[in-house]
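Here is the structure we will look at.
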Amino acid sequence: MSGAPQRVLGIGIVGIGGAAVNMLPAFARHPGFAIAAAADIDADILGRFARDYPDAATFRSVAELCAAPAVDLVYIATPTRLHADHTGIALAAKKHVLIEKPMAVTLAEADAMILAAERNGVLLGVNVKHSFEPRILKLRALAQSGELGRLRMIHSWRYVDWLYRPRTQAELTPGWGAGLLWRQGPHHFDFLRTIGGGLLRSVRGNCQILDPARRVTGAYTAFLEFDDGLVCTAVCSGYDHFNSRDYVRGFRGDLPVAPAGQHARARRALEAHAADPDWEQKQAEDERYGGSGPVPDNGSRVSSSWLLSGPLVASFERGDVRFSTAGLVVDGDREQWEIRLADQGDGRDGRLESFHRAITQGAALPADGRWGKATQEVLVALERSAETRAEIPLIHQIPYAG
């Protein structure tokens, strides 16, 4: 992001919730973007946004925002069930679109979004930001280079507190597209597809509800097979028991484990407020813009806490490669060494830079609509596999083109 001045693209943000709150610092620090507008149905949140961004326009509807001449790229961070409608409005207005994951609820919706982008001559990309994180891109480079031989296996675990963080009633309502699989799975399966080259052959797995009081999927297990024979296992549980971050250590184990007092913090917070039935909804709403929830980063590029929330081991013919706090650790045939990577955040900056290059320089856009649909197909297939207890073949996969 240095050299000659870059063309500045106006960003219009649709939905100023938790996802947008976490993207705003990345938009603000990129010299090729300017925050031009925001739209939300909540007047209070729009008012807070207007005070902090006085040069940006505010709107109560998506259509009004998309009609604004200052907006070049629309970032859509509304609930998944609204993605198809909101994307359709933006694409019809000939605006480029960056959509939060997953791109849609059904594959038919994804197809309509892809065709609309092509018909209107604009770009559609999915914000699978963790697939742009340096650790993931380096693993993909190792797979392509062959310096450790062929990549044969990947195993990825995540045991986190997702289901017990404050959730809105909509998030806890059962239905297609709800729960841990659809909220965390898009990142998980997307970075596995990125490392492996994209062309998955089939999926078999299961989804679990372990707490009947939280009626949406809170855990999943998947076995993924690629066309070239690479196999992956992906495990994720959001029940706030074991913390798999303890298994991600620095080189030679220099990262201390979490203090015992941090165990099950999210679960205990819910229990402590059990007498107030509205507490969880209010806390979840506080994660929206201007609330009292976690404050987004101040512009520093910290290592990805999401990726480091669980171990990943990629097994090549001549070594196993795993996450470390500074990059990657390679356990080779005869020695162990560390690949230290420049601290470039959790991938948000890389995602935005790739979109800026695609718009201003005509570069290919990684993680475009067709790639996003292929990752969404994995979610659909895992739901079907859980229902039928069968292996599900995949037919919409495309090769990685980063």
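The values are calculated or read from the model by the stated rules, or taken from the named source; none is laboratory data. A quick note: this is a predicted structure, and the numbers were derived from the prediction, not measured. Neighbour counts run over all protein chains shown; Cβ positions are idealised from the backbone, glycine included.
One table, with the values for the structure above:
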read-out: Subset of the stretch 94-113 [surrounded by fewer than 19 Cβ atoms within 10 Å (Cβ to Cβ) and farther than 23 Å from residue 172 by Cβ]; value: 94, 107, 108, 111, 112
read-out: Qualifying position, being of a type outside the set (Asp, Glu), loosely packed, with under 15 Cβ neighbours inside 10 Å and either at pLDDT 95 or above or assigned by TED's automatic domain parsing to the domain that holds residue 118 (or both), among 10, 88, 32, 47; value: 47
read-out: Residue within the stretch 366-374 that is part of a strand (DSSP E or B) and of a type outside the set (Ser, Thr, Tyr) present; value: yes
read-out: Residue within the stretch 62-80 that is surrounded by fewer than 23 Cβ atoms within 10 Å (Cβ to Cβ), without any contact (Cβ under 8 Å) to a residue 60 or more places away in the chain, hydroxyl-bearing (Ser, Thr, Tyr) and not assigned by TED's automatic domain parsing to the domain that holds residue 285 present; value: no
read-out: Residue tally, condition out of contact with any strand residue (DSSP E or B) (no Cβ under 6 Å at 6 or more places or on another chain) and small (Gly, Ala, Ser), over the stretch 108-160; value: 9
read-out: Residue tally, condition in contact with a His (Cβ under 7 Å, 6 or more places away or on another chain) and farther than 19 Å from residue 113 by Cα, over the stretch 56-76; value: 0
read-out: Enumerated helices (runs of 4 or more DSSP H) restricted to the stretch 1-99, each holding at least 2 residues that are more than 23 Å from residue 358 (Cα to Cα); value: 18-29, 43-52, 62-66
read-out: Close pairs (8 angstrom Cβ cut-off, 6 or more residues apart or separate chains): in contact (Cβ under 8 Å) with a residue 24 or more places away in the chain in the stretch 105-125, acidic (Asp, Glu) anywhere; value: 107/377; 123/368; 124/368; 125/368
read-out: Failed item in (1) crowded, with 19+ Cβ neighbours inside 10 Å; (2) acidic (Asp, Glu); (3) farther than 23 Å from residue 108 by Cβ, with residue 190 passing the rest; value: (3)
read-out: Single residue of the stretch 337-350 satisfying the filter (in contact (Cβ under 8 Å) with a residue 24 or more places away in the chain and more than 25 Å from residue 126 (Cα to Cα)) that is surrounded by the most Cβ atoms within 10 Å (Cβ to Cβ); value: 339
read-out: Failed condition for residue 368, given (1) surrounded by fewer than 18 Cβ atoms within 10 Å (Cβ to Cβ); (2) within 30 Å of residue 122 (Cα to Cα); (3) not β-branched (Val, Ile, Thr); value: (1)
read-out: Of all residues making up the stretch 203-212, the number that are farther than 15 Å from residue 162 by Cβ and surrounded by fewer than 17 Cβ atoms within 10 Å (Cβ to Cβ); value: 2
read-out: Pair list, Cβ < 7 Å and 6+ apart or interchain, from the stretch 213-227 residues that are in the same structural domain as residue 200 (by TED's automatic domain parsing) to residues that are aromatic (Phe, Trp, Tyr) and modelled with pLDDT of 95 or more; value: 218/239; 219/239
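Residue by residue, here is whether (1) touching a strand residue (DSSP E or B) at 6+ places or on another chain (Cβ under 8 Å); (2) among the polar types (S, T, N, Q); (3) farther than 16 Å from residue 124 by Cα holds:
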{"site": "31", "(1), (2), (3)": "no, no, yes"}
{"site": "35", "(1), (2), (3)": "yes, no, yes"}
{"site": "44", "(1), (2), (3)": "no, no, yes"}
{"site": "56", "(1), (2), (3)": "yes, no, yes"}
{"site": "64", "(1), (2), (3)": "yes, no, yes"}
{"site": "92", "(1), (2), (3)": "no, no, no"}
{"site": "106", "(1), (2), (3)": "no, yes, yes"}
